[in-house]
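A.B. asks: Dropping the structure in here first, questions after.
The values are calculated or read from the model by the stated rules, or taken from the named source; none is laboratory data. Nothing here was measured: the structure is a model prediction, and the numbers come from that model. Quick reminder, even Gly has a Cβ in these numbers, built from the backbone with ideal geometry, and neighbours come from all protein chains shown.
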Ligand code: SF4
Ligand code: SF4
């Protein structure tokens, strides 16, 4: 199994919220950004990204971030 940690680069985040849509769909079956285990806050041109305590690091959200604001970094 692929082992990785998730690296975050808020400076590359566009605020598209695809990560939140992907996570919520994967774990709740519906597109509900507020239910996602990753939360992106957009303030002007700045984005902050945080993971909730429920996040298990599965990486689904990373696969839908097309701007490299979320990246998988191999471990080991
Ligand atoms: S790593 Fe998995 S559980 Fe955590 S926010 Fe991303 S999709 Fe959700
Ligand atoms: S982290 Fe990636 S997928 Fe999530 S809002 Fe930012 S650019 Fe979009």
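A.B. asks: Please specify each residue of the range 26-36 satisfying the condition of being more than 18 Å from residue 14 (Cα to Cα) and either within 14 Å of ligand 2 (Cβ to nearest atom) or surrounded by 13 or more Cβ atoms within 10 Å (Cβ to Cβ) (or both).
C.D. replies: Within the range 26-36, 26, 27, 31, 32, 35 qualify.
A.B. asks: While we're here: For residue 20, indicate whether it is in a helix (DSSP H, G or I), touching a strand residue (DSSP E or B) at 6+ places or on another chain (Cβ under 7 Å) and either on the phi < 0 side of the Ramachandran plot or free of Cβ contacts under 8 Å to residues at least 40 places away in the same chain (or both).
C.D. replies: yes
Results for (1) surrounded by fewer than 16 Cβ atoms within 10 Å (Cβ to Cβ); (2) near ligand 2 (Cβ under 8 Å from one of its atoms); (3) outside any loop (DSSP other than H, G, I, E, B), shown as yes or no for each residue.
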site: 7; (1), (2), (3): yes, no, yes
site: 16; (1), (2), (3): no, yes, no
site: 24; (1), (2), (3): no, no, yes
site: 39; (1), (2), (3): no, no, yes
site: 47; (1), (2), (3): no, yes, yes
site: 50; (1), (2), (3): yes, no, yes
site: 53; (1), (2), (3): yes, no, no
site: 61; (1), (2), (3): no, yes, yes
site: 65; (1), (2), (3): no, yes, no
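A.B. asks: Which of the residues belonging to the range 1-13 are without any contact (Cβ under 8 Å) to a residue 60 or more places away in the chain and either more than 12 Å from the chain's Cα centre (by Cα) or within 20 Å of residue 74 (Cα to Cα) (or both)? I'd like the intermediate steps shown before the answer.
C.D. replies: Within the range 1-13, the first condition is being without any contact (Cβ under 8 Å) to a residue 60 or more places away in the chain, and the residues that meet it are 1, 10-13.
Passing the criteria: 1, 10, 11, 12.
A.B. asks: Of everything in the range 1-41, what is at pLDDT below 95 and farther than 17 Å from residue 64 by Cβ? Give them in sequence order. Please lay out each step first, then the result.
C.D. replies: Going through the range 1-41, the residues at pLDDT below 95 turn out to be 1-3.
Of everything in the range 1-41, those that are at pLDDT below 95 and farther than 17 Å from residue 64 by Cβ turn out to be 1, 3.
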